[in-house]
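The values are calculated or read from the model by the stated rules, or taken from the named source; none is laboratory data. Predicted, not measured: the structure shown is a model, and the values here were computed from it. Counting neighbours? That spans all protein chains shown, and the Cβs are built from the backbone with ideal geometry, glycine included. For accessibility, only protein heavy atoms count, side chains too; no ligands or nucleic acids. Shrake-Rupley method; radii C 1.70, N 1.55, O 1.52, S 1.80 Å.
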Amino acid sequence: MMLPDDFVFSQSSLQDYADCPRRFELRYGLRRRWPAVEADPVLEHERHLLQGAAFHHAVHQHGLGVPAEDVTRLMDDAVIEGWWRQFLQSEWARAAGRRHPEITLSMPLGEHRLMAKFDLLLVTDGGGVQIIDWKTSAQAARTDWLLKRLQTRVYRLVLARSGEELTGYRPLKPEQLEMIYWYVNGQAVRLAYDTAQLERDEAELLRLMDEISTREVFPLTEDVRRCAFCTYRSLCNRGEAAGVSAEWDDEAIETTADEVVIDLDQIAEIEF
């Protein structure tokens, strides 16, 4: 498949490919738009996305130095305000160090380019860097599941290979990095990093991008349960009905390694 010359891989596009090669082809190769609803009930789905976007925006404002009371004053949604107050009680609302909210970094990998957009990078006083990713799911996902996700693997690799400017151009050792998924119920999952993980991620991501770039046939996923949350399901003759939004969090937390997983933040990345 011929990708655009300026195509840049991301955790989102790579996860799409891992979940369903055909979805990647339709979305990024053919650039097809298909109006299927991702989840039912539609209004609940849309409301959650809007609440998530508003929460991310509030935390972004905080990272830029806007006083918390000014951010709070503009809120008119009890759910968002609850998430916000939970955040204000967390250690990352008052952590010492240099904050880089909503920052994008990229790196070359083989003949490709890989990028990551971070919710927050925190350079600690000790010289380490924390990747903090805000999640609006009701409960935290399992550590083993998060470690397999391409978001974890892409974010840590990109930071390790291209984040020197954040620390005064000193080379970053993988052991200096930590990825933290923070959930709006106050839970946090902390993932350490090391050289062995970096080397595995780098080799696997390069292999994956090479495979995508040279592949000619992009088959549908064999796990049809994934299709319930895909906008292309009717185009692929994989059903008309959307998945039930209430099942997202349970899937992300409870499924075993050989079962389907649904990640709300992967279904629709928040932009603002």
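Whenever a residue of region 179-201 is in a helix (DSSP H, G or I), its partners that are among the basic types (Lys, Arg) and open to solvent by less than 60 Å² (accessible area, probe 1.4 Å), lying with C-beta atoms within less than 8 angstrom and at least six residues away or across chains, give the pairs Gln197/Arg156; Leu198/Arg156; Asp201/Arg153; Asp201/Arg156.
Residue by residue, here is whether (1) exposed (fewer than 13 other Cβ atoms within 10 Å of the Cβ); (2) among the hydroxyl-bearing types (Ser, Thr, Tyr); (3) over 23 Å from Ile180 (Cβ atoms) holds:
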| site | (1), (2), (3) |
| --- | --- |
| Met2 | yes, no, yes |
| Asp16 | no, no, yes |
| Phe24 | no, no, yes |
| Arg33 | yes, no, yes |
| Gly63 | no, no, no |
| Val79 | no, no, no |
| Leu88 | no, no, no |
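Check region 185-198 and report whether any residue there is crowded, with 16+ Cβ neighbours inside 10 Å, among the acidic types (Asp, Glu), modelled with pLDDT of 85 or more and closer than 30 Å to Arg161 by Cα. No, there is no match, as no residue in region 185-198 is crowded, with 16+ Cβ neighbours inside 10 Å, among the acidic types (Asp, Glu), modelled with pLDDT of 85 or more and closer than 30 Å to Arg161 by Cα. Under the condition of being among the hydroxyl-bearing types (Ser, Thr, Tyr) and at pLDDT 95 or above, which residue from region 144-173 is surrounded by the most Cβ atoms within 10 Å (Cβ to Cβ)? Once the filter is applied, the top-ranked residue is Tyr155.
Per-residue answers, yes or no, for (1) closer than 21 Å to Val59 by Cα; (2) among the hydroxyl-bearing types (Ser, Thr, Tyr):
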residue	(1), (2)
Lys135	yes, no
Ala140	yes, no
Thr143	no, yes
Leu146	no, no
Leu150	no, no
Arg153	no, no
Met179	yes, no
Trp182	yes, no
Thr195	no, yes
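Selection of region 55-67 for residues being at pLDDT below 95, among the small types (Gly, Ala, Ser) and part of a helix (DSSP H, G or I) yields only Gly63. In the set (1) open to solvent by 60 Å² or more (accessible area, probe 1.4 Å); (2) modelled with pLDDT under 90; (3) within 21 Å of the chain's Cα centre (by Cα), Arg113 fails one condition alone, (2).
Restricting to region 1-36, give me the number of residues that are assigned to a helix (DSSP H, G or I) and of a type outside the set (Lys, Arg).
Final tally of qualifying residues: 15.
Gln139 meets the stated requirement of being at pLDDT below 95 and in contact with a helix residue (DSSP H, G or I) (Cβ under 6 Å, 6 or more places away or on another chain). The requirement of being closer than 20 Å to Ala116 by Cβ, modelled with pLDDT of 95 or more, exposed (fewer than 15 other Cβ atoms within 10 Å of the Cβ) and within 21 Å of the chain's Cα centre (by Cα) is fulfilled somewhere in region 207-221, by at least one residue. Of the set (1) open to solvent by 10 Å² or more (accessible area, probe 1.4 Å); (2) over 25 Å from Leu3 (Cβ atoms), all apply to Leu177 but (1).
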